[in-house]
Amino acid sequence: MNYFYIYDIIIVFLLINFKLSCEKKTMNYEIDNLDRQILSILQKDARRSFQLIAKDLIVSGGTIHIRFNKLKETGVIKGSQIRIDPEKMGYEVCAFVGINLHNARDYKTVIRQLNNIPEILEAHYTTGKYNIFLKVVATSTRGLHNFLIERLQNIPQIQSTETLISLEMPIKRDIPIEFEEECE
């Protein structure tokens, strides 16, 4: 019986070391110029096929596939999304809400509650005037008013809020990805 126990310990030890060595390999992955070019193309069109990307970059489709998977494994690529126009879905109002908490220790409790409110698109833990800064949408100013009074200000750990209504979003972009242009 002792041999089985020792054998189990050795197997677990080997599995843990294998997992750690795999994690180290992905953490040490360096993003090169080709990776940056791939990311730049995918930012513009996440549905673009690997074959078309490969053709643009003059490499094989397999290279793009391997690079894409490596970028995904290392967490550089977090997924892909479809962008939906909020106004076309009936959300006419975009606002930013600064929240002051009674106590900074209430942060995690409040975030758990805010996470259950679908109109909240983003929440940021900030320095400066507010503890938390939200980006929210509403169908109308009346809807925003109801959100603030009935949902947000009903959270007991929130001391006060300040709301800024967005009138227009003239700039919206992804993070810049710099890469060197290939000389021909």
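Things worth noting here:
- When Tyr107 is tested against the conditions (1) farther than 29 Å from Leu42 by Cβ; (2) in a loop (DSSP other than H, G, I, E, B); (3) among the aromatic types (Phe, Trp, Tyr), the lone failure is (2).
- Qualifying residue in the stretch 98-114 (condition: among the β-branched types (Val, Ile, Thr) and in contact with a Lys or Arg (Cβ under 9 Å, 6 or more places away or on another chain)): no
To keep it simple, each residue is scored yes or no on (1) β-branched (Val, Ile, Thr); (2) on the phi > 0 side of the Ramachandran plot; (3) in contact with a helix residue (DSSP H, G or I) (Cβ under 9 Å, 6 or more places away or on another chain).
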| residue | (1), (2), (3) |
| --- | --- |
| Thr127 | yes, no, no |
| Ala138 | no, no, yes |
| Thr141 | yes, no, no |
| Leu144 | no, no, no |
| Phe147 | no, no, no |
| Asn154 | no, no, no |
| Ser166 | no, no, no |
| Pro170 | no, no, no |
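- Contact map, the stretch 64-83: residues that are over 15 Å from Arg47 (Cβ atoms) paired with residues that are surrounded by fewer than 11 Cβ atoms within 10 Å (Cβ to Cβ), Cβ distance under 8 Å, separation 6+ or inter-chain. Pairs shown: Thr74/Met27.
- Test: Glu178 is touching a residue at least 40 places away in the same chain (Cβ under 8 Å) and assigned to a loop (DSSP other than H, G, I, E, B): yes
- Residue within the stretch 119-126 that is part of a helix (DSSP H, G or I) and under 26 Å from Ile165 (Cα atoms) present: no
- Members of the stretch 74-104 that are farther than 22 Å from Leu164 by Cα, surrounded by 14 or more Cβ atoms within 10 Å (Cβ to Cβ) and of a type outside the set (A, V, I, L, M): Thr74
- The residue list Arg151, Arg142, Arg83, Arg112 contains one member that is among the charged types (D, E, K, R), modelled with pLDDT of 95 or more and either assigned to a loop (DSSP other than H, G, I, E, B) or within 22 Å of the chain's Cα centre (by Cα) (or both), which is Arg112.
- Against the list (1) under 24 Å from Asp174 (Cβ atoms); (2) touching a Lys or Arg at 6+ places or on another chain (Cβ under 7 Å); (3) not polar (S, T, N, Q), the condition Ile117 fails is (1).
- Test for Gln37: is it in a helix (DSSP H, G or I), of a type outside the set (Phe, Trp, Tyr) and at pLDDT below 95: no
- Residues (surrounded by 13 or more Cβ atoms within 10 Å (Cβ to Cβ) and assigned to a helix (DSSP H, G or I)) located in the stretch 57-71: Leu57, Gly61, Thr63, Ile64, His65, Arg67, Phe68, Lys70, Leu71
- Count of the stretch 46-62 residues which are among the small types (Gly, Ala, Ser) and out of contact with any helix residue (DSSP H, G or I) (no Cβ under 9 Å at 6 or more places or on another chain): 1
The values are calculated or read from the model by the stated rules, or taken from the named source; none is laboratory data. Note that this is a predicted model, so its numbers are computed, not measured. For neighbour counting, all protein chains shown are included, and Cβ atoms are generated from backbone atoms with ideal geometry for every residue, glycine included.
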